[in-house]
Amino acid sequence: MSTQIDIEHFRARLEEEREKVQSAIDYLHKENPGAPDESSGDLAMGPGDNHLADTATETVDREIDYTLEENSGNVLREIEAALKRIDDGTYGTCAACGEPIEPERLEHLPWATLCAKDARGSRG
């Protein structure tokens, strides 16, 4: 391996990102503790013309939050997998070609599993 990367630098970056993502997930849980359809029961309770629009807005907001939570969960899994690769000595090696992943790429995306060439190729 010709390109040497600072493993401890990337471990610290990944752990910092893991904390941020976990905090975001915790925040979403606090903001929307119930199931997606739990708050729709008040549809008939409110007088006025806007209750359907309000309910629709709340539903869209909840769907956005669940999507963010799902995406955050995916990122969290990627971070955990990258930390495991650090522990088993395979961090920074492209999963497709076995070449080192460029340090600049890891700096931008510390949980990357592919070198820039293979990442571009996989996008078609």
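Within the stretch 51-83, track down each residue that is of a type outside the set (Ser, Thr, Tyr) and touching a Ser or Thr at 6+ places or on another chain (Cβ under 9 Å).
Residues satisfying the conditions are 58, 62, 78, 81, 82.
Could you check the stretch 56-68 and list, in sequence order, the residues that are open to solvent by 50 Å² or more (accessible area, probe 1.4 Å) and closer than 17 Å to residue 29 by Cα?
58, 60, 61, 63, 64, 66, 67, 68
The values are calculated or read from the model by the stated rules, or taken from the named source; none is laboratory data. These figures come from a predicted structure and were not determined experimentally. Backbone-built Cβ (ideal geometry, glycine too); neighbour counts: all protein chains shown. Areas reflect the complete protein model, heavy atoms only, side chains present, ligands, DNA and RNA absent. Shrake-Rupley method; radii C 1.70, N 1.55, O 1.52, S 1.80 Å.
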